Amino acid sequence: ASAKQSLMGKYGVSESTALLLFNGAFGYAPNREALEDLLFRINPILQTGKFDYLLLVCGIGIPVEFQEKTFPHARIIGFVDDLELYLKGCDAFLNPVIRGGGIKTKLVEALGYNLNVISTESGAAGVDPKLCNGKLRICKDHDWNAFAESVTQSARTGSDMPPAFYDQFYWGNIAEKAAGFIRS
């Protein structure tokens, strides 16, 4: 079975249900804050439309208060042994991160798995959307209405990540460029 079919069976949803993923280490304050925005600001907006979705939240250190609560259209999963199953089986990756510096490795990883990604400006810092063939939608920080609209619009779009993205973010190419700088 495909990764999508495996997740559909595991969570009891139909093929028409868009599977949305958010993952991270939730001991890190920016990820915890993003989870709060996702569950308390974005998810309620998504619920007002006719969008069939299930939000899957994976990662370590999810605060107990989130694990003990039920959220409509969301499953708080916690640590998973096989994150690749989720990266291959979900339709979109959500990245509502506002704080934190540098390139967001989980965003780059999700794009590398050819997922559609919806992110805040801060959450996509360091990633050029022009390299992503429409796979990366960026919304202004704190504009949760635009974020939710981007989720409903892009969860099912089918373009592929272009080779230029992999040229930019493939570790072998990065190491080769770094070695060139060191040699010069």
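The values are calculated or read from the model by the stated rules, or taken from the named source; none is laboratory data. Just so it is clear, the model here is predicted, and its values are computed rather than measured. Cβ placement follows ideal geometry from the backbone for every residue including glycine, while neighbour counts extend to all protein chains displayed. The protein model used for the area step is the full one, side chains on, heavy atoms only, and it has no ligands, DNA or RNA in it. Shrake-Rupley method; radii C 1.70, N 1.55, O 1.52, S 1.80 Å.
Data overview
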item: Every residue from region 59-72 that is touching a strand residue (DSSP E or B) at 6+ places or on another chain (Cβ under 9 Å) and open to solvent by less than 80 Å² (accessible area, probe 1.4 Å); result: Gly59, Gly61, Ile62, Phe66, Phe71
item: Residues of region 125-168 that turn out to be surrounded by fewer than 18 Cβ atoms within 10 Å (Cβ to Cβ) and modelled with pLDDT under 85, as a count; result: 17
item: Region 59-109, residues that are basic (Lys, Arg) and within 22 Å of Lys4 (Cα to Cα); result: Arg75, Lys88, Lys106
item: Verdict on Leu56 being open to solvent by less than 70 Å² (accessible area, probe 1.4 Å), touching a strand residue (DSSP E or B) at 6+ places or on another chain (Cβ under 9 Å), part of a helix (DSSP H, G or I) and not small (Gly, Ala, Ser); result: no
item: Residue match in region 81-103 (condition: under 22 Å from Asn145 (Cα atoms), open to solvent by less than 70 Å² (accessible area, probe 1.4 Å) and among the polar types (S, T, N, Q)); result: yes
item: Set Phe26, Phe22, Phe40, Phe51: member being of a type in the set (Phe, Trp, Tyr) and exposed (fewer than 14 other Cβ atoms within 10 Å of the Cβ); result: Phe40
